[in-house]
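> Following this message is one structure expressed as C-alpha cells.
What follows is calculated from the coordinates using simple rules that are stated; it is not laboratory data. What you are looking at is a predicted structure, and each value in this text was computed from that prediction instead of being measured. So basically every Cβ, Gly included, is an ideal-geometry build from the backbone, and we count neighbours across all protein chains shown.
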C-alpha cells in the first residue's frame, strides 16, 4: 500500500497535491512519501515478532539522506555496497554497527575504512577478498567479522540483469567451495567467521526461490558445525518484488512467515538479517514530469516530456514497465495511445510505450513506482542537470535535494592554459 491517490481528479501524495509540487519545485522531480516508507519498513520488522532479526535497508535502491534518515529513526540498519554509501549512512545519522557491507569489488581503502569505523559485518564474495580482509585487519590490529556470500545456484525467475544467485553470476562464492573457504577463514588471522549470506536476485514475486535457497544455506550451516565452525548470523539478502503492473508478489508478512516456517522446521534460531530495498522504497516514490509536446506519427503518437532516460533509466535498461498517470484528470478530453518519450538524443530514450492518456502540452504526468533505482541510476547525459527530490510528510513537503544547475555540472572541469 502507498499514500498516493486521487482526490476529485487531483493526484495527491499524502495530503499534498502533486500539481502544487510540480508548479513550485519544477519538473522533472522525484517525490517520496514518508508515510509509505514508514509503513513498508514496519511491515518487515513487525512480521518477525520476537524472532531475532535485523532489517537492513539496501541503500543502493535509493540513497537520499532524508530517506535514510526516516528509516534510521525507525531503528533500521543498512546494507551497503560501497564506501560512498557508508558515508551517506553516517551523514544521515546511521551508525556503523548497523551496517552490513556487501559487494564483489571492495577496495583496500573501503575495507580499511569500514573496519576502522566498526561496521557490523563484511559479506565476502571471493577467496581473494577474504585474503585481502585478513591482511587489512591485521595491519589495523582488528578482527573482522565476516559472512561468506554463498551462491546457491537457485533460479530466482527474474530479469537476467538482476538475477544474482546462479552459477554464472559474478556474485558470491560457489556452493561447492563453501566448506573449504570457511575452514580457511577460520584459520586466517584477523578474521572471525560470524555468519553466512545469500542473495539470489531482485524483484522476485514468489517465495519458493527464497525458501529453496534457505534450505541449501541451512544444509551448509549444519555441515559447518561438523567441522567445528559455528555461525550466529544468517543474512538472507533482499529481493522481494513490488507491483509495477500486474505482478502479485507476496506481502512482507507472507514472505517472512514462509522463511520462519522453514527456520522453525529446521530448528534454527540464528539471528536473521533481511536487506529489502525496492520493497520499502519502490512504491514510495513517483517521478513528476511535464508534457512538452504531443506529436502525431504515421504509426505511433508520442508524448514528449521533460523527463528522460537519464532521469529514469529502468525502462531503457531493463525494458521495465512503470504506470504513467495524469496528475490532473481533465474531463471531456479525448484519450489517445502514446509512447512517452524524453528529449535525450537516443532512440532508446523512452519511459513508457502504448499508454492510453488524456493529455495536452503543459500537463503533468506521474511515473509511479519510481522510488527505487530511479534517482540513484540517473546521469547527466546530454548535459542534463539531475532532478530535484522532495519528501512529503503529511500536509507538508520538503526539498531534500536541490535540482542541479548546468553550471554545477562542469564546476570541477578546467580549460587548458
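> With the contact rule set at Cα under 8 Å and sequence spacing of 6 or more, what percent relative contact order holds for segment 103-274?
Relative contact order comes out at 20 percent.
> So what's the gap between the Cα centers of segment 111-144 and segment 26-83, to the nearest angstrom?
The distance from the Cα centre of segment 111-144 to that of segment 26-83 comes to 26 Å.
> Also, quick follow-up: Extent of segment 268-417 along each principal axis, from alpha carbon coordinates, in Å, largest to smallest?
60, 60, 34
> Quick check: convex hull of the Cα atoms in segment 103-274, volume per residue, rounded to a whole Å³? Could the numbers behind the result be given before it?
Values: hull volume 19.9 nm³, N = 172.
Per-residue hull volume (Cα only) is 116 Å³.
> May I ask for the angle, rounded to the nearest 10°, between helix 208-226 and the longest principal axis of the chain, with both axes built from Cα atoms and the value confined to 0 to 90°?
The two axes meet at around 20 degrees.
> Report, for segment 103-274, the % of DSSP beta bridges that are antiparallel, rounded to 5.
5
> Antiparallel versus total DSSP beta bridges in the chain: what percent is that, nearest 5? Mind dumping the intermediate values first?
Numbers: 33 of 71 bridges.
Close to 45 percent.
> Which residues in segment 174-200 place their backbone N less than 16 Å from a point set 7 Å from the Cα of residue 143 along the Cα-to-Cβ direction?
Under cut-off, by backbone N: 185-195.
> Measure nothing but the geometry: give the 0 to 90° angle between the long axis through the Cα atoms of 252-265 and the longest principal axis through the Cα atoms of the chain, rounded to 10°.
Taking Cα atoms only, the helix is inclined about 10 degrees.
> Counting only DSSP beta bridges with both residues in segment 218-372, tell me the antiparallel percent, nearest 5. The partial results should precede the final answer.
Values: 16 of 23 bridges.
Antiparallel bridges make up about 70 percent of those DSSP assigns within segment 218-372.
> How do 375-384, 191-200, 62-71, 272-281 rank on mean C-beta neighbours within 10 Å, highest first?
Working: 375-384: 16.4, 191-200: 23.9, 62-71: 22.1, 272-281: 26.2.
The densest-packed peptide leads the list: 272-281, 191-200, 62-71, 375-384.
> On to the next question. Could you rank the peptides 4-16, 48-60 by their average count of other C-beta atoms within 10 Å per residue, with the highest value first?
48-60, 4-16
> Ok, one more. Using packing as a proxy for protection, rank 293-299, 397-403 so that the peptide with the highest average count of other Cβ atoms within 10 Å comes first.
So the order, starting with the most tightly packed, is 397-403, 293-299.
> To continue, here is another question. Could you work out how far helix 34-47 tilts from the main Cα principal axis of the chain, as a 0 to 90 degree angle to the nearest 10?
30
> Between segment 324-381 and segment 175-234, what is the C-alpha centre distance in whole Å?
After rounding, the separation between the Cα centres reads 43 Å.
> Could you tell me what fraction of 2.2 N^0.38 Å the Cα radius of gyration of the chain comes to, as a two-decimal ratio? Could the numbers behind the result be given before it?
Details: Rg = 22.8 Å, N = 417, 2.2 N^0.38 = 21.8 Å.
The chain yields a ratio of 1.05.
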